[in-house]
Amino acid sequence: MLPDRPRTPPPAGRLSRRGLLTLAACAAAVPLGDVLRPAAATAEGTDDDAYQKAFSAALAADPDVRRFTTQGREFLYRPRQLLAANSDVQRVLSWLRSRGHQVSVGAGFAGVTRLLFAKETDVPAVVTALRDPKQWPGQQVPRVQPHHVLLGLGNIMGNPGSPPRAAAALPPPDPARLGEGAGVTVGVCDTGIWQQAGAWHPQWLGGSYLPEADDLDALYVSGTTLAPQGGHGTFVAGVVRQAAPGVRVDPEQALNPTGVGDEAMLVAAMSRLGSQVSVVNLSLGGFTQDDVPPLPLVNAVAALPAQTAVVAAAGNAGSSRPAWPAALERVLAVAAVSRDGGILVPASYSGFGPWVDACALGERDSTYVEGQLPLPGRPTQVFHGFATWAGSSFATGHVSGRLAAMMTAGGLSADAARLALLANPRWHPDYGVLVA
């Protein structure tokens, strides 16, 4: 099944992604392969490899994550769980039990019921069989899916491709910009917020959110040793505030510090957002079985107030394959671009395609945490509150902040600001509108 956003070929006269990359390569007078990597990648590639290994090891050690590994169709899912639309549950239960599966009914969420297998089961194979129209002569095929795992975005083998690196402190906000986003609250569903974020970053995060115990990012695997994505939410919150220094944020925990969550965790985080939230930032996502839109996320987004805007990352897999929830029709999907000298080019890691609505610079300096990040065979990264990081996650945070700034500048609702943004010319057919 195709995603719910129609795919269209690039308009006549517009460069393809390959053409744009080639043009940038010629203009920069460097080989194309160099353009496709961040400027520092040659010196720091081994750090990237080590970070990928550390993340993969953490993912492999998680007993609640399974991988579907067929090339080009990869996704992550929870073991022994099948999600079925509430209206289809009884038919699905009867089908499963008639074939010898021992299944119980678990907690539901966002219009789906969780069906729990008593023992390890090839869930993707079960889903494929249940989706076969031949199994349902004269009936509608039931809506079923695995319980997909989401990442803080989002290569299937790593997340993102490069680790954070220590950076100098940010200068204080420009007083002339403190009105940008004033009165607007952006919900940041992510790893949560560092307990000390307001105290460590009084000018950037102090007073910008209401500290709540269930919003805290656990950060560390032990002592001051950071989990692979500990601090991701704090970094994103800082990016949002840099884009609109007057905005408030509402951090909610949808991912653990490794950067791993699932559809139920995201739906729960979205349900905890305060009523004042008008922009929802989702710097996370994942792939689904057969690229079918994930039903719980479809339902959760549809349940939001009509004037709310949802902004989500297009992923870091360097693929045109739709990432969810970004590829949902109502969601503003954000890709990342990189700077090569004075030229902006598509980031080699970023998701892309006609389902992408906007793009922004992916490499950012932002508020971070205290701690250290050991990488296998590499020097330990030590952080003192600020970092540089690259990924579509951070392009997304920037776009969420700029939407808030548009709201205050034009007296617009969040959805009206989204539509106004999308009325601008596309920077490239596969990357949408460039947001500076």
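The values are calculated or read from the model by the stated rules, or taken from the named source; none is laboratory data. Being a predicted model, the structure only gives us computed values, none of them experimental. Neighbour counts run over all protein chains shown; Cβ positions are idealised from the backbone, glycine included.
Remarks
- Under the condition of being hydrophobic (A, V, I, L, M, F, W, C) and either surrounded by fewer than 24 Cβ atoms within 10 Å (Cβ to Cβ) or assigned to a loop (DSSP other than H, G, I, E, B) (or both), the residues counted in segment 247-269 number 7.
Rundown of residues vs (1) of a type in the set (S, T, Y); (2) closer than 15 Å to G152 by Cα; (3) at pLDDT 95 or above; (4) touching a Lys or Arg at 6+ places or on another chain (Cβ under 6 Å), yes/no style:
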{"residue": "L304", "(1), (2), (3), (4)": "no, no, yes, no"}
{"residue": "A312", "(1), (2), (3), (4)": "no, yes, yes, no"}
{"residue": "V331", "(1), (2), (3), (4)": "no, no, yes, no"}
{"residue": "V334", "(1), (2), (3), (4)": "no, yes, yes, no"}
{"residue": "G342", "(1), (2), (3), (4)": "no, no, no, no"}
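- Failed item, numbered, when V141 is tested on (1) farther than 19 Å from A84 by Cβ; (2) free of Cβ contacts under 8 Å to residues at least 12 places away in the same chain; (3) in a loop (DSSP other than H, G, I, E, B): (1)
- Of all residues in segment 270-290, those being touching a strand residue (DSSP E or B) at 6+ places or on another chain (Cβ under 7 Å) and not in a strand (DSSP E or B) number 10.
- In segment 322-343, the residue that is nearest to T70 (Cα to Cα) out of those that are in contact (Cβ under 8 Å) with a residue 24 or more places away in the chain and surrounded by fewer than 19 Cβ atoms within 10 Å (Cβ to Cβ) is E329.
- For Q229: the one exception among (1) surrounded by fewer than 21 Cβ atoms within 10 Å (Cβ to Cβ); (2) modelled with pLDDT under 95: (1)
- Selection of segment 306-317 for residues being within 16 Å of A269 (Cα to Cα) and surrounded by fewer than 24 Cβ atoms within 10 Å (Cβ to Cβ) yields only T308.
- Where a residue in segment 269-283 is among the basic types (K, R) and its partner, wherever it lies, is in a strand (DSSP E or B) and buried (at least 23 other Cβ atoms within 10 Å of the Cβ), with Cβ under 7 Å and at least six apart: R272/E252
- Residue within segment 190-208 that is among the charged types (D, E, K, R) and exposed (fewer than 15 other Cβ atoms within 10 Å of the Cβ) present: no
- Scanning segment 374-401 for residues that are part of a strand (DSSP E or B) and surrounded by 23 or more Cβ atoms within 10 Å (Cβ to Cβ) gives A387, W389, A390.
- Selection within segment 81-121 - among the small types (G, A, S) and surrounded by 12 or more Cβ atoms within 10 Å (Cβ to Cβ): A84, A85, S87, G106, G108, A110, G111
- Selected residue [over 16 Å from the mean Cα position of the chain (by Cα), in contact (Cβ under 8 Å) with a residue 40 or more places away in the chain and more than 14 Å from G187 (Cα to Cα)] from A317, A306: A306
- Residues located in segment 166-189, provided they are surrounded by 17 or more Cβ atoms within 10 Å (Cβ to Cβ) and in contact with a helix residue (DSSP H, G or I) (Cβ under 9 Å, 6 or more places away or on another chain): L170, E180, G181, V184, T185, V186, G187, V188, C189
- Tally of residues being at pLDDT 95 or above, more than 29 Å from A323 (Cα to Cα) and touching a helix residue (DSSP H, G or I) at 6+ places or on another chain (Cβ under 8 Å) across segment 347-389: 2
- Residues satisfying the stated conditions in segment 412-436, i.e. of a type outside the set (A, V, I, L, M, F, W, C), surrounded by 19 or more Cβ atoms within 10 Å (Cβ to Cβ) and closer than 16 Å to V311 by Cα: D415, R418, Y431, G432
- For segment 151-158, the criterion of being in contact with an Asp or Glu (Cβ under 8 Å, 6 or more places away or on another chain) and under 30 Å from T388 (Cβ atoms) is met by at least one residue.
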